[in-house]
1. With the checklist (1) touching a strand residue (DSSP E or B) at 6+ places or on another chain (Cβ under 9 Å); (2) small (G, A, S); (3) open to solvent by 30 Å² or more (accessible area, probe 1.4 Å) in hand, flag the one item A90 doesn't pass.
2. Can you name every residue in region 132-182 that is over 15 Å from I28 (Cα atoms), in a helix (DSSP H, G or I) and either among the polar types (S, T, N, Q) or in contact with a Gly (Cβ under 8 Å, 6 or more places away or on another chain) (or both)?
3. Provide a single number: the residues in region 48-87 that are surrounded by 15 or more Cβ atoms within 10 Å (Cβ to Cβ), under 22 Å from A166 (Cβ atoms) and not charged (D, E, K, R).
4. For residues that are under 17 Å from S52 (Cβ atoms), in a helix (DSSP H, G or I) and modelled with pLDDT of 95 or more, tally how many sit in region 94-131.
5. Here is a check on your reading of the model: is Q133 in contact (Cβ under 8 Å) with a residue 24 or more places away in the chain and open to solvent by 60 Å² or more (accessible area, probe 1.4 Å)?
6. Please name all residue pairs, on different chains or six or more residues apart, with Cβ atoms under 7 Å, provided the first residue is in region 109-127 and is over 12 Å from V12 (Cβ atoms) and the second residue is open to solvent by 70 Å² or more (accessible area, probe 1.4 Å) and assigned to a loop (DSSP other than H, G, I, E, B).
Amino acid sequence: FESALWQEGKGVVAGVDEAGRGALAGPIYAAAVVLPAIEDDISQTLFEVRDSKQLSAYDREKLVPLIRETALDFAIAWLEADEIDALGMAQAGRQVFQKALAGLKTTPDHVLVDYFTIPGLDIGQTSLVKGDQRSLSIACASILAKQARDARMQEEAKRQPGYFLAENKGYGSPDHIKAIQT
């Protein structure tokens, strides 16, 4: 997808993805990643990048510095749980995408978004079903968002022991649900 857009003359393509949408606790994170338009080098340099859900925590942690060094630009944004509660998940998801894009130093010519569309965006965008498996820049964004959120939830686990946040990152594991009920 990036290659086709680069060939159309859209040199700055941002991939956007989020983490935390299905969690029962904690913030929602999003990342936007702009890769350089040198597809041969990029595909070789980032050949281990996949959808964050297909990688172990160790592999994601190892890839974060590589993605940050390789990307022309990236931004990570989040909305807190109380903001999600006030807005609703659909609106919070759109806002966190917009916030991540606003954090870029470079204005993209086009945005690739995992599954969703971002309303009110003044530039072209493409919504890709399973985009984190089909687009390298979205996969990179997926990893950055997931790692940032996981790190945050590990910090939250220290502040709120007993909810197993370090192990489940706020997703509905049996231990987490039992702790909430208790």
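1. Unmet condition: (1).
2. Once the filter is applied, which keeps residues that are over 15 Å from I28 (Cα atoms), in a helix (DSSP H, G or I) and either among the polar types (S, T, N, Q) or in contact with a Gly (Cβ under 8 Å, 6 or more places away or on another chain) (or both), region 132-182 yields Q133, L136, S137, I138, A139, C140, H176, A179, Q181.
3. Adding up the residues that qualify gives 9.
4. The total comes to 3.
5. yes
6. Here the result reads Y115/V129; Q125/T117; T126/F1; S127/Y115; S127/T117, each pair linking region 109-127 to a residue that is open to solvent by 70 Å² or more (accessible area, probe 1.4 Å) and assigned to a loop (DSSP other than H, G, I, E, B).
The values are calculated or read from the model by the stated rules, or taken from the named source; none is laboratory data. Small disclaimer: the values here were computed from a predicted structure and weren't measured. Ideal geometry is used to build each Cβ from the backbone, glycine not excepted, and the neighbour counts take in all protein chains shown. Heads up: the accessible areas ignore ligands, DNA and RNA and are worked out on the full protein's heavy atoms, side chains in. Shrake-Rupley method; radii C 1.70, N 1.55, O 1.52, S 1.80 Å.
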